[in-house]
Amino acid sequence: MMDERDLPTREKVLWWIAGVVVIVYALFPVVWIVALSFKTPSDLGSKRFWPTSWVWENYDNILAGDAQELFLSALRNSIGISLIATFISVVLATFAAYAIARLDFPGKRVILTTALAVAIFPVISIVTPLFNLWRNIGLYDTWPGLIIPYLSLTLPISIWTLSAFFRQIPWELEQAAQVDGATTWQAFRKVIVPLAAPGVFTTAIISFFIAWNDFVYGISLTSTERARPVPAALAFFTGASQFEDPAGSIAAAAVIVTIPVVVLVLLFQRRIVSGLTQGAVKG
Amino acid sequence: MAAITLKNINKQYGDGYRAVKDVNLDIADGEFVILVGPSGCGKSTLLRMIVGLEDITSGELLIGGERVNEKAPRDRNLSMVFQNYALYPHLTVYENIAFPLRLAKAPDSEVDERVRHAAELLELTEHLDRKPANLSGGQRQRVAMGRAIVREAQAFLFDEPLSNLDAKLRGQMRTEISRLQKRLGITTVYVTHDQVEAMTLGDRVAVLRKGVLQQVASPRELYERPVNLFVAGFIGSPPMNFIPATVERDELHTPFGQWRLPEGKRPDLSGHEIVLLGARPEAFEDAAVVSETIRDHGVEFEAHVDVIEWLGNEQYAYVPYEAPDDISAQLADLERELDSEAMRTQLVVSLDATSRIPEGSTAQLWLDLRKVHVFDPASGTNLTVAQSSGNGAAKAPAGDASAAAVDESADGSAQG
Ligand SMILES: Nc1ncnc2c1ncn2[C@@H]1O[C@H](COP(=O)(O)OP(=O)(O)OP(=O)(O)O)[C@@H](O)[C@H]1O
Ligand SMILES: [Mg+2]
């Protein structure tokens, strides 16, 4: 924690400046998108940062107007697919990381290396084979057709984060629980899970974001509203008429899909409490 | 409550290291047994094997007369206080203590009654709603104790529970544990590094060295009749002095003169050229203050006292001397193994508080020869004890653990 240390004033000022620079740099595109989403179509090319007049027109368009069907179904797909992918990957990763952190078994290294290899494998290079395979076995343009490739993105990072986190848990507690009369499963559920929860939540958030933000799989493995997620759907937006620039609607949609991300972070922030394991052992 | 019996217990870790070698120990129902030994000698390993957290490589472990080698920890019904407490940080003190009861699916009313009773006993009542992270070390330790005593376990196992407390709190908790154990009358195995805890708490003390049980006996027996050099040096603080001596018929030639041991205390030294004489600091005295009635039991000798530590009720004098090289090397080895810094060969002598020997002077000291032990430097065996205990329940030589475990108070009767 920055503010817990007593920094010299000069150093503090430097940190503040650096912080402000980073924040401005990161937030500028976001503010710009928000501004864009409130512009009228004619205002889009006005070369001004803020709208001349603030209107809800773009939001109307995607939530109630012409683009409604396209956007709302995409939103439904995105939420559903991302949640399911996150859930599956966190559950699998929890078990895998538990085994990796706790047990000595042959192939432990291999699992971690494989996970890393999968994570650094470029998505674009497997999209084409996957496209063909999915068409042949009927997974093309379905939810599972996206959930499965999303797992390949979320599982490796989940396994890595969780096993790093699990290694820090005072495992003697598990033995204490067993001596207290718990089965291995009870010890896991009643002692380890509560301690691991913050790590699991963090992992879940990261997984969710990865799935939520994916574009390449979303655009390549879907063709209709049955499974197309929001990032892909944005590309299909049209303006109010054929010849209008859809940038306003796209901006509005972008703002809306950002909201769950922000909400999630705010919600889970409280659960990612550091120092939860404090007090387990003496010292 | 139950007796615990260890039969030829061995432990070999996955990497091939043999941490515990052929340990035999009978712990009677309700008995308080202390396990001591230098760091890394296998105390924790032994305890963890008893509680079931570590597989037993070979041998048999009986609890209440029943073989439990294959049983999971939860089926052994033992409670343990871990060296680092191992409290559940996400639970309140109340729930920490209640944890074993909750697992046993005890009804809420019973849980509440027992937790409050335990909390009262350990003076934790006002902290029941707090989390372990906010407690002091001593309070955490008591919570760990509470969790151990809240259910009716067959035995308590403590792994250096007081090692991280300050001296005052340690003293307090020591009496607390002693009182608690007496009140509950539950079989207890207690691992410690601490001399005072070892000597004061237990009915019997088991001394372990490199995984081999050296001696199991009452604290007094250990102190007065150690079976070998190791036990003699390990028990007692300041430790026993070891003086090299060459044997010439009945005479012992030491750096401090020729001594002749009293009739009943003279072991058969035929075949020994060099022996080590062991004498505790309190076997010495300032010759000037020794009472006439006992003066004849000892010898007087002249020695150079270089440092005096005056402690009020007594004082320690340090007497450096020259010893043959091979002997001093062996003494240094022994000291290293006993976790004490390798000092030069010197006597530590306890003197009466009234003694007026000045520092840096040559003084006349007296040694009570009745309290001198004779050790074989090669095997480490205490020849004095080996002789006087006869051939029946022979006190074992250093290497033979199975015989060392035999002790008069270990009847090992198994009760249900
Ligand atoms: N998991 C393990 N694998 C291999 N060797 C081990 C393992 N655990 C302990 N040992 C070895 O077994 C020996 C005994 O260890 P143990 O923890 O029982 O010592 P201890 O007597 O409790 O020491 P201390 O007083 O320092 O706690 C040590 O030499 C240690 O290196
Ligand atoms: Mg230990």
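Determine whether the range B:216-226 contains at least one residue that is surrounded by fewer than 23 Cβ atoms within 10 Å (Cβ to Cβ) and of a type in the set (A, V, I, L, M).
Looking for residues that are surrounded by fewer than 23 Cβ atoms within 10 Å (Cβ to Cβ) and of a type in the set (A, V, I, L, M), one finds none in the range B:216-226, hence no.
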Note to self: Pairs needed: first member in the range A:174-196, within 7 Å of chain B (Cβ to nearest Cβ) and buried (at least 23 other Cβ atoms within 10 Å of the Cβ); second member anywhere, assigned to a loop (DSSP other than H, G, I, E, B) and among the charged types (D, E, K, R); C-beta distance under 9 Å; at least 6 residues apart or different chains.
What the structure shows: A:Asp180/B:Arg151; A:Gly181/B:Arg151
Next item on the list: Inspect all residues belonging to the range A:270-279 and state whether any of them is at pLDDT 75 or above and away from every other protein chain (no Cβ under 14 Å).
Entry: no
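Tell me which residues, restricted to the range B:39-69, are away from chain A (no Cβ under 14 Å), in a loop (DSSP other than H, G, I, E, B), of a type outside the set (Gly, Ala, Ser) and away from ligand 2 (no atom under 16 Å from the Cβ). Walk me through how you get there before you give the answer.
Here is the first cut: in the range B:39-69, the ones away from chain A (no Cβ under 14 Å) are B:39-43, B:46, B:56-62, B:64-67, B:69.
Next cut, in a loop (DSSP other than H, G, I, E, B) only: B:39-42, B:56-57, B:64-65, B:69.
If we keep only those that are of a type outside the set (Gly, Ala, Ser) too, we end up with B:41, B:56-57, B:69.
The answer is B:Ile56, B:Thr57, B:Asn69.
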Next item on the list: Return yes when B:Lys11 is within 12 Å of ligand 1 (Cβ to nearest atom), at pLDDT 95 or above and away from chain A (no Cβ under 14 Å) and no when it is not.
Entry: yes
Next item on the list: Could you figure out which of (1) exposed (fewer than 15 other Cβ atoms within 10 Å of the Cβ); (2) within 16 Å of ligand 2 (Cβ to nearest atom); (3) within 14 Å of another protein chain (Cβ to nearest Cβ) isn't true of B:Ser136?
Entry: (2)
Notebook entry, point to check: Can you tell me which residues in the range A:83-118 are among the polar types (S, T, N, Q) and under 16 Å from A:Thr202 (Cβ atoms)?
Noted result: A:Thr86, A:Ser89, A:Thr94
Next item on the list: Test each condition in (1) modelled with pLDDT of 90 or more; (2) within 14 Å of chain B (Cβ to nearest Cβ) for A:Ile169 and report the one that comes out false.
Entry: (1)
Check: Does at least one position in the range B:4-27 carry a residue that is assigned to a helix (DSSP H, G or I) and of a type outside the set (Lys, Arg)?
Finding: no
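Is the range B:73-86 home to any residue that is more than 10 Å from every other protein chain (Cβ to nearest Cβ) and within 23 Å of B:Asn8 (Cα to Cα)?
The answer is no; no qualifying residue exists.
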Next item on the list: Identify all residues within the range B:153-175 that are away from ligand 2 (no atom under 16 Å from the Cβ), surrounded by fewer than 18 Cβ atoms within 10 Å (Cβ to Cβ) and not in a helix (DSSP H, G or I); write none if there are none.
Entry: B:Asp166
Margin query: Name the single residue that is farthest from the chain's Cα centre (by Cα) among those in the range B:1-20 being away from ligand 2 (no atom under 16 Å from the Cβ) and closer than 12 Å to B:Ile56 by Cβ.
Written below: B:Gln12
Notebook entry, point to check: What is the number of the single condition among (1) free of Cβ contacts under 8 Å to residues at least 24 places away in the same chain; (2) assigned to a helix (DSSP H, G or I); (3) within 14 Å of chain B (Cβ to nearest Cβ) that A:Ile219 does not meet?
Noted result: (3)
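Of everything in the range A:205-240, what is small (Gly, Ala, Ser) and closer than 16 Å to A:Ser82 by Cα? Give them in sequence order. It would help to see each step written out before you state the result.
Going through the range A:205-240, the residues small (Gly, Ala, Ser) turn out to be A:207, A:211, A:218, A:220, A:223, A:227, A:232-233, A:235, A:239-240.
Across the range A:205-240, the qualifying residues are A:Ser207, A:Ala211, A:Gly218, A:Ala227, A:Ala232, A:Ala233.
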Notebook entry, point to check: So A:Val91 clears everything in (1) within 20 Å of the chain's Cα centre (by Cα); (2) touching a residue at least 12 places away in the same chain (Cβ under 8 Å) except one condition, right? Which one?
Noted result: (2)
Next item on the list: Keeping to the range A:36-69, report how many residues are among the charged types (D, E, K, R) and not in a helix (DSSP H, G or I).
Entry: 4
Margin query: B:Val150 - would you say it is within 17 Å of B:Gln83 (Cβ to Cβ), modelled with pLDDT of 90 or more and away from ligand 2 (no atom under 16 Å from the Cβ)?
Written below: no
Note to self: Testing B:Ala148 on (1) closer than 20 Å to A:Gln186 by Cβ; (2) more than 14 Å from chain A (Cβ to nearest Cβ); (3) crowded, with 19+ Cβ neighbours inside 10 Å; (4) not polar (S, T, N, Q), one condition comes back false. Which one is that?
What the structure shows: (2)
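The values are calculated or read from the model by the stated rules, or taken from the named source; none is laboratory data. All values reported here derive from a predicted model rather than from experimental measurement. Here the Cβ is made from the backbone with ideal geometry for all residues, glycine too, and neighbour counts use every protein chain on show.
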